[in-house]
Amino acid sequence: GAFLLSCLLFAAVSRRQRGPYMDEVFHVPQAQAYCHGRFLQWDPMITTLPGLYLLSVGVVKPAAWLLGWTGSVVCSVGMLRFINLLFSAGNFYLLYLLLFKIHQKNKAVSGFQRILSTLTLAMFPTLYFFTFLYYTDPGSVFFTLFSYLMCLYGNHKTSALLGFCGFMFRQTNIVWTVFCAGNVVAEKLNEAWRIELQKKKDEKISSRKGSFSDLTRILQFLVKYLISPKNLVTLSALTWPYIILVSLFFVFVFINGGIVVGDRSSHEACLHFPQLFYFLSFTVFFSFPHLLTPTKIRKFLLSLRKHPVQYGLIAVISLFLIWKFTYVHKYLLADNRHYTFYVWRKVFQRHQLVKYLLVPFYIFAGWSFADTLKSKSIFWVLMYFVCLLAVTVPQKLLEFRYFILPFLIYRLNIPFLSLYRQLLELAFYILVNAVTFYLFLNRTFKWENSDEVQRFMW
């Protein structure tokens with residue numbers, strides 16, 4: 001049913017926007033060059049590897065041969081976009097399987113709730129929008145989620161192979177290969193930590209794993225565990241497929257002279273720490289039934305009263321990171337087709353102090369975010385947080401698409417809500433999607449120096 005509704009929306013988008021739009025201007029001609037067998041042709045403006053184009057040719061060419069298609073219909077804009085509609089259906093199924101696997105011990109969750117939660121995540125607005133354009137995001141998400149699922153089932157060689165496919169769609173997906181390896185490591189660390197607790201007969205540590213003193217003890221244990229050659233050999237034996245893939249990634253970076261292929265001028269890596277704050281705000285906005293509840297706010301204020309020194313220190317560090325490490329990309333200021341342009345202009349450019357005044361909200365968002373993950377082990381949380389930093393902080397451009405995968409992996413791992421809150425979240429996603437598609441299809445405009453129709457988008 002969801003797929004058929006997506007097909008109707010796909011037809012509407014294809015009718016209104018027949019030609020390539022935005023980044024499709026680079027992706028579509030590149031895929032068409034591959035369709036015609038010109039595999040050595042490459043557009044230097046493209047910054048990702050050719051996974052999307054190779055897979056598109058691998059799907060479209062056999063389909064054209066079987067169905068007798070000829071001429072311009074093969075590898076047309078519509079045909080190439082349809083590849084992402086197929087990825088979207090695959091993502092729907094993968095999200096269901098992942099929710100089932102991650103929460104299999106929770107017998108209180110009904111089958112209907114699982115499907116409802118899957119539908120909600122499949123309609124996650126930032127991802128769902130790019131289902132209807134020829135972008136790398138749906139395929140990138142598909143292979144990363146598939147890799148994560150195989151990892152959870154213990155098929156690590158398959159997981160690493162799928163991780164390689166994800167890397168071919170977007171280089172930063174190598175971080176999620178490290179995340180899969182980290183899942184294995186976190187499990188082993190959990191076992192060793194339980195043994196450590198039994199030896200000391202000190203159950204207080206595990207029950208109060210959120211406090212700062214416990215974190216210090218856990219970090220000491222972590223260092224002690226990881227400097228043991230025996231433990232390192234055990235972990236290497238379990239994660240060798242991921243180690244090989246990460247090693248190949250470093251070889252690629254060395255030969256390529258960087259992570260970006262093609263146009264590097266607009267994708268320079270930097271330490272953009274406020275990206276973490278933007279991600280937390282983005283997550284609170286899209287997961288407000290989970291994160292922005294009266295109970296959460298009361299618990300946060302209680303925690304604030306209990307640990308004023310620690311929160312004061314976090315506030316000072318946050319202010320320093322915003323002061324020294326805020327970068328504004330030229331695209332963010334120049335391209336008025338993206339929502340980020342308006343977020344930046346309407347919020348951050350109101351006054352130079354606004355970015356500092358948001359720190360209390362960032363701290364609440366971070367606390368609430370961490371609080372929803374308390375059902376996960378401390379080692380899993382640390383590993384996820386490291387991957388989150390690695391995938392967001394080096395990006396200079398504030399771009400909501402970069403938040404899709406860390407958001408989905410976070411949402412898959414937090415506990416299920418009540419049915420009422422799940423329905424509220426789904427209704428919110430449907431509303432955001434409806435507004436987004438209405439603006440994209442109907443509220444077009446033109447630039448002074450161009451005759452092309454411009455459209456609003458994520």
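The values are calculated or read from the model by the stated rules, or taken from the named source; none is laboratory data. As the structure is a prediction and not an experimental result, all values here were calculated from the model. Cβ atoms come from the backbone with ideal geometry, glycine included; neighbour counts cover every protein chain shown. Surface areas here come from the heavy atoms of the whole protein model, side chains and all, with no ligands, DNA or RNA. Shrake-Rupley method; radii C 1.70, N 1.55, O 1.52, S 1.80 Å.
Here is the figure for the range 114-129: residues that are assigned to a helix (DSSP H, G or I), of a type outside the set (A, V, I, L, M) and over 14 Å from L5 (Cα atoms) total 6. Selection of the range 405-436 for residues being polar (S, T, N, Q) and without any contact (Cβ under 8 Å) to a residue 40 or more places away in the chain yields only S418.
Somewhere in the range 166-184, is a residue open to solvent by 30 Å² or more (accessible area, probe 1.4 Å) and free of Cβ contacts under 8 Å to residues at least 24 places away in the same chain? Even if it seems obvious, please write down each step before you answer.
Pass one, the range 166-184, residues open to solvent by 30 Å² or more (accessible area, probe 1.4 Å): 168, 170, 172, 178.
Applying the additional criterion that residues be free of Cβ contacts under 8 Å to residues at least 24 places away in the same chain yields none.
Looking through the range 166-184, none of the residues is open to solvent by 30 Å² or more (accessible area, probe 1.4 Å) and free of Cβ contacts under 8 Å to residues at least 24 places away in the same chain.
Go over the candidates K324, K296, K346, K330 one by one and state the one that is open to solvent by less than 70 Å² (accessible area, probe 1.4 Å) and of a type outside the set (S, T, Y).
Numbers: K324 fails: open to solvent by less than 70 Å² (accessible area, probe 1.4 Å); K346 fails: open to solvent by less than 70 Å² (accessible area, probe 1.4 Å); K330 fails: open to solvent by less than 70 Å² (accessible area, probe 1.4 Å).
Exactly one of K324, K296, K346, K330 is open to solvent by less than 70 Å² (accessible area, probe 1.4 Å) and of a type outside the set (S, T, Y), namely K296.
Pairs are defined by a Cβ separation below 8 Å, a sequence spacing of at least 6 or placement on different chains, a first member in the range 212-236 that is farther than 14 Å from V184 by Cβ, and a second member that is open to solvent by 90 Å² or more (accessible area, probe 1.4 Å) and among the charged types (D, E, K, R); the pairs so defined are D214/R208. Just give me the residues in the range 37-82 being outside any helix (DSSP H, G or I), more than 26 Å from the chain's Cα centre (by Cα), surrounded by fewer than 12 Cβ atoms within 10 Å (Cβ to Cβ) and not hydroxyl-bearing (S, T, Y), in sequence order. Scanning the range 37-82 gives G37, R38, L40, G68.
Name the residue that is farthest from Y356 (Cα to Cα), counting only residues in the range 237-269 that are modelled with pLDDT of 90 or more, open to solvent by less than 30 Å² (accessible area, probe 1.4 Å) and not aliphatic (A, V, I, L, M). Applying the filter and picking the extreme gives P241.
Quick check, is K105 under 19 Å from V184 (Cα atoms) and more than 23 Å from the chain's Cα centre (by Cα)? The answer is yes for K105.
Of the residues contained in the range 394-404, one or more are found to be closer than 23 Å to L119 by Cβ and either open to solvent by less than 10 Å² (accessible area, probe 1.4 Å) or of a type in the set (G, A, S) (or both).
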